[in-house]
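What follows is a set of notes on a single structure, which appears directly below.
The values are calculated or read from the model by the stated rules, or taken from the named source; none is laboratory data. The structure displayed is predicted, hence computed values, not measured ones. Cβ atoms come from the backbone with ideal geometry, glycine included; neighbour counts cover every protein chain shown. Areas reflect the complete protein model, heavy atoms only, side chains present, ligands, DNA and RNA absent. Shrake-Rupley method; radii C 1.70, N 1.55, O 1.52, S 1.80 Å.
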Number of protein chains: 2
Amino acid sequence: VNLFLLETAALRDGCASLEGAQARHAIDVLRVSPGQEIRVGVVDGPTGTARVTRIDAGRVELHCTLGAVPPAPDVDLLLALPRPKVLRRLWAQLAALGVGRIILTNAARVERNFFDTHVLDPAFYRPLLIEGLQQAQDTHVPRVSIHRRFRPLVEDDLGTLSQVETRLVAHPGEDASPIVGAWPRGAARSLLAVGPEGGWDDFELRLLGERGFRRVSLGGRTLRTDTACVALLAALRAGRDAPA
Amino acid sequence: VNLFLLETAALRDGCASLEGAQARHAIDVLRVSPGQEIRVGVVDGPTGTARVTRIDAGRVELHCTLGAVPPAPDVDLLLALPRPKVLRRLWAQLAALGVGRIILTNAARVERNFFDTHVLDPAFYRPLLIEGLQQAQDTHVPRVSIHRRFRPLVEDDLGTLSQVETRLVAHPGEDASPIVGAWPRGAARSLLAVGPEGGWDDFELRLLGERGFRRVSLGGRTLRTDTACVALLAALRAGRDAPA
């Protein structure tokens, strides 16, 4: 934990307290003591510092001094629903990398039973998103939505869900551009589409193409979805931030 | 599995057979039948295709036609030993991304008990490396070495272990260059150093600096070691492969 993320409701007149897992981490791992300062943030709000005022009965009481709200993530992700085991590994990593919106969709090569899992329950994934934000010192919790029909999502809803200038779809092949350079320096937000393990099918690629998604690729290697998402998001952003 | 990787010894006159987990995957998941062709590779050797000649008693017999050896990975990784849970997740991902050599080292902020784990046993990690290669359709098994003393490793052994032109150390901060552009197009092999969760200490950074490691960064976010390794390797290679 590099920053303790507090729920808005937990903060009153600059005072808050850590409980449960956060308090245990502060007490047992960081070994905080009264008077010490730690990094804190408020969900979807500012970051700042907090002075430990009291430790009592497994609670760590804080007095917070908050500053600026970190910049909102500039990338959204359209992701064909991966198998539960893979998605479980992804939640914290996506939050740590910084994703504004995670749009999970069905696709031809997504197995139907992937939708029937507790890994898609906010009670399961929200703590993992918080964990990723606490690692990366961010406060912006990714918005998550789940869509069982690909075509109406792409045709009707995507423009509202993710308002971006640049739409990219990860798909290897001759007509794909390298991902570095695909999101030009100075460009506004982007939306990256990542397909299922077996890839997008022809219909899906055509529909995405008609809706302005340009094909990008990391190269010839086929990666597991979790590795691919991390690799693509990192390369995309590193390319945008690279010197001209 | 996008390619079945065979041990050299298993191949005789172009014939081989899949057994155990490989055979079960071929039979139960891919539902192969005699006459069908599948992608195969030989450990550290060529890739090619194999025709299924017979399926019997849980074995899949193959006749292989092998072609070229894929290019060897052009990046080595010097990694401060992560906690066992994190390293377990990394093995397959590193092999899938393509790493020539994985050099695991002690560092000031590595906990000593991280060395006492079955995750460092070749019997544990080799199947995970093979899994990553089968995913990425590569045959080059990363060479792994484990070093309990940082200074002699860097001063005496690193030049022999990893013969590269470009040495980079991931470390955020003002004096770090963006990782895209740090490994120029057309340059030969590179070695990337990734520190422990708490970062390299000043001594380690100075020693690496004296030995020609330039500082690079992915930006301001602090990532967990497994996410950081995947993100850094992907951005590094994507940057090298980007159009000028």
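Below are the figures for this structure:
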{"read-out": "Choice from A:I146, A:I103, A:I130 with maximal GNM fluctuation in chain A (Cα, 10 Å cutoff)", "value": "A:I146"}
{"read-out": "With DNA, RNA and ligands ignored, accessible area of B:E7 (1.4 Å probe; Å², nearest 10)", "value": "90"}
{"read-out": "Equivalent ellipsoid semi-axes - Cα gyration tensor, the protein assembly as shown, angstrom", "value": "38, 29, 23"}
{"read-out": "Residue of A:Q93, A:Q135, A:Q22 that the Gaussian network model of chain A assigns the largest fluctuation, springs spanning Cα pairs under 10 Å", "value": "A:Q22"}
{"read-out": "Quarter of the Cα convex hull surface for the stretch B:1-98, i.e. its orientation-mean projected area (nm²)", "value": "7.6"}
{"read-out": "Solvent-accessible area, 1.4 Å probe, carbon plus sulfur percent, for the stretch A:1-150", "value": "48"}
{"read-out": "Within the protein assembly as shown: Cβ-based charge dipole about Cα centre, in debye rounded to nearest 20 (Lys, Arg +1; Asp, Glu -1)", "value": "60"}
{"read-out": "Gap separating the Cα centres of the stretch A:103-144 and the stretch A:168-244, nearest whole Å", "value": "20"}
{"read-out": "Shape category assigned to the stretch B:143-193 from the gyration tensor of Cα positions, a/c cut at 1.5", "value": "oblate"}
{"read-out": "Simple spin-label estimate for B:T65 and A:R211 in nanometres, 7 Å along Cα-Cβ", "value": "4.1"}
{"read-out": "Residue (of A:L104, A:A68, A:T8) at the positive-pole extreme of chain A, dipole from beta-carbon charges", "value": "A:L104"}
{"read-out": "DSSP-defined antiparallel bridges as percent of all bridges, the stretch B:1-149, nearest 5", "value": "60"}
{"read-out": "For a label point 7 Å along the Cα-to-beta-carbon line of B:D175, residues of the stretch B:193-207 with backbone N under 19 Å", "value": "B:193-196, B:199-207"}
{"read-out": "Rounded tilt (10° steps) of B:84-97 against the dominant C-alpha axis of chain B", "value": "70"}
{"read-out": "Pairs of Cα atoms farther than 16 Å apart, the stretch B:41-106, %", "value": "63"}
{"read-out": "Rounded to 10°, Cα long-axis angle of helix A:225-241 versus longest principal axis of chain A", "value": "80"}
{"read-out": "Listed residues B:V119, B:V164, B:V29, most fluctuating in chain B (Gaussian network, C-alpha, under 10 Å)", "value": "B:V29"}
{"read-out": "Estimated translational D of the stretch B:47-178 in µm²/s (Stokes, Kirkwood radius over Cα pairs; 10 °C; 1.306 mPa s)", "value": "93"}
{"read-out": "Nearest-ten-degree value, helix A:122-136 long axis tilted from longest Cα axis of chain A", "value": "80"}
{"read-out": "Simple spin-label estimate for B:D44 and B:A123 in nanometres, 7 Å along Cα-Cβ", "value": "2.2"}
{"read-out": "Accessible area per residue, Å², the stretch B:95-144 with all protein chains present, probe 1.4 Å", "value": "38"}
{"read-out": "Chains A and B, summed buried accessible surface - 1.4 Å probe, Å², nearest 100", "value": "2400"}
